[in-house]
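Please treat every number below as a calculation from the coordinates, not as lab data. What you are looking at is a predicted structure, and each value in this text was computed from that prediction instead of being measured. Here the Cβ positions follow ideal geometry from the backbone for every residue, glycine too, while neighbour counts run over all protein chains shown.
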Amino acid sequence: MENMQTAIEEAEQYLIHTYNRHKVVLEKGNGMYLYDTEGKEYLDFGAGIAVFALGYNNKELNDAVKEQVDKLVHTSNLFYNANLKDAAEQVVKASGMKKVFFTNSGTEAIEGAVKLARKYAYLKGNKDSEIISMNHSFHGRSLGALAVTGNAHYQEPFGPMNAGIKFAEYNNLESVKALISDKTCAILLETVQGEGGIYPATEEFIKGIRALCDEHDILMICDEIQCGMGRTGEMYAFQNYGIQPDVVTTAKALGCGVPVGAFLANEKTADILVPGDHGTTYGGNPLVLSAVRKVFEIYEKEHILQHVKEVAPYLEEKLDELAEKYEFIKERRGKGMMQGLECTKPVGPVIEKAIENGLILVAAGANIIRFVPPLIIEKKHVDEMVSKLETAFKALQ
Ligand SMILES: *Cc1c(COP(=O)(O)O)cnc(C)c1O
């Protein structure tokens, strides 16, 4: 077998260098664990960045996708396919929305949501509409999604940006109010900010935004791409707050690794986009929707939401203990199985060491260790994670 490091060097010569990857070639997975090409085992607290909710090598999910491959992979959206109704019904019902458009990624779900908001304004005669987004948000890397991403560093080399985007402070309702004008057509926020550092919305903030949107006829768009699909213990994180957005974006765990996203519209927004307004060749093809259907089915059968509610407090407790014990940990933040430890220094070396110890973690910004494990996680995995993480801490002291 080829040496892993040689394989990495060989791959690098062909890849545009947009990622500083860990020097590991992953080959297979099982449950909470991943294995590299040299057979080393890793406990996974990254889930492919909050994607693989049902754990690796889930037989039922694998079989559903395999069966679909043998039937029909693609049709285009010029036709219906046999998975369309079930998948659409499941995601619509799970989110409490009215209608759905399937995309290939989270970024494209944001693109669709932004287009919908622009057209909503346009139909009201507002042809110079503005969207309020949040500082430290993340919504994707396409030009439309990047324009609403509150990170100057990501935007700067790729200007000029899409016009009419304003940025408020997350969890600061006054800062949102200050930006509202006659032109405002939408307020966009992650219900729990992910890449920006694992910040859950406060109840006051999210309810305040809902009220502002109602008062000024503005669309409330919740980006649930990372925090949705059960990660917080409710199927969609906004459901923790008892509010309903006008538009929702979802992806990541929606297909558990099969690339699929969606944006959803409520009663008010379901008929804004009409034939000719938006499209995608692959979006919602029978292959990806075979995964979506099965994912929802497994969530229900395995009581995934209930399971998250049971295990997440244990994860929080253990992370709180770490925050108490180590001076360089400033605080724990998060909701359910989406947690972060903010440190007083860059966490890159800790994550590197953890991976060496067989624990996969992801950062969220420079100083925050993110914990987004598969949702099938048990308490014993939390214990194993803590032990491996502490070994990494010690190696660096
Ligand atoms: C990952 C992510 C996106 C982008 O999704 P992709 O599938 O990578 O295009 C958008 N918004 C949030 C909150 C995300 O976490």
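Put a plus charge on the Cβ of each Lys and Arg, a minus charge on the Cβ of each Asp and Glu, and nothing anywhere else: the dipole of the range 60-301 about its Cα centre is then about 420 debye. Give, as ranges by residue number, the residues of the range 18-42 whose backbone N falls under 14 Å from the point 7 Å along Cα→Cβ of residue 69. Taking a point 7 Å out along Cα→Cβ of residue 69, no residue of the range 18-42 has its backbone N under 14 Å.
With the cut-off at under 16 Å, measuring from each backbone N in the range 359-382 to a point 7 Å along the Cα-to-Cβ line of residue 303 picks out 376-379. Under a 5 Å amide H cut-off, with hydrogens placed 1.01 Å from N, residue 363 pairs with 370 among residues at least 5 apart or on other chains. Under 23 Å Cα-Cα from residue 183, which lysines qualify once same-chain neighbours fewer than 8 residues away are excluded? Excluding near neighbours in sequence, the set is 115, 119, 124, 127, 166, 207, 268. Residue exposure proxy: 238, 328, 205, ordered by other Cβ atoms within 10 angstrom of their Cβ from fewest to most, comes out as 328, 205, 238.
With all projection directions averaged, the alpha carbon convex hull of the range 1-95 covers 9.5 nm². Within a straight-line Cα-Cα reach of under 19 Å, residue 71 can be paired with the following aspartates and glutamates, leaving aside sequence neighbours fewer than 8 residues apart in one chain: 60, 63, 86. Across the chain, the relative contact order, built from alpha-carbon pairs under 8 Å that are at least six residues apart, equals 22 percent.
The HN-Hα couplings worked out from phi for the range 323-330 by the Karplus form 6.51 cos²θ - 1.76 cosθ + 1.60 (θ = phi - 60°) are 4, 5, 7, 10, 5, 6, 8, 7 Hz, whole numbers, x standing for Gly and Pro.
At a 10 angstrom cut-off on C-beta neighbours, averaged per residue, how do the peptides 321-327, 294-300, 366-372 rank from highest to lowest? Before the final figure, lay out each step's value.
Values: 321-327: 13.0, 294-300: 20.4, 366-372: 22.7.
The packing order, highest mean first, is 366-372, 294-300, 321-327.
May I ask you to give the average projected area over all directions of the convex hull of the Cα atoms of the range 102-174, in nm² rounded to one decimal?
Numbers: hull surface 22.5 nm².
Across all orientations, the range 102-174 yields a mean hull projection of 5.6 nm².
What FRET efficiency comes out for residue 126 versus residue 19 if R0 is 35 angstrom and r is the Cβ-Cβ distance? Round to the nearest 0.05. The value I calculate is 0.35. Applying 1/(1 + (r/R0)^6) with R0 = 41 Å to the Cβ-Cβ distance of residue 85 and residue 8 gives a FRET efficiency near 0.40.
Exceeding 18 Å between C-alpha atoms, which entries from my cross-link table qualify? They are 93/335; 252/330; 309/380. Provide the component values of the computation, followed by the final result.
On the way: 93/335 23 Å; 252/330 28 Å; 309/380 16 Å.
Table pairs above 18 Å Cα-Cα are 93/335; 252/330.
Taking one quarter of the surface of the convex hull spanned by the alpha-carbon atoms of the range 297-397 gives a direction-averaged projected area of 6.2 nm². For residue 325 and residue 203, a Förster radius of 45 Å and the Cβ-Cβ distance give a FRET efficiency of 0.90, rounded to the nearest 0.05. For a modelled paramagnetic label at residue 268, 7 Å from Cα along Cα-to-Cβ, the residues of the range 168-185 in reach, with backbone nitrogen under 17 Å, are 177, 180-185. Stokes-Einstein diffusion for the range 60-301 at 37 °C, viscosity 0.692 mPa s, with a Kirkwood radius from C-alpha pairs, works out to 182 µm²/s.
Find how much the distance from residue 98 to residue 169 grows on full extension, using 0.36 nm per residue of separation minus their present alpha carbon separation; answer in nm with one decimal. Write down the numbers at each step before the final one.
Values: separation 71, 0.36 × 71 = 25.56 nm, distance 2.98 nm.
Taking residue 98 through residue 169 to full extension adds about 22.6 nm, to one decimal.
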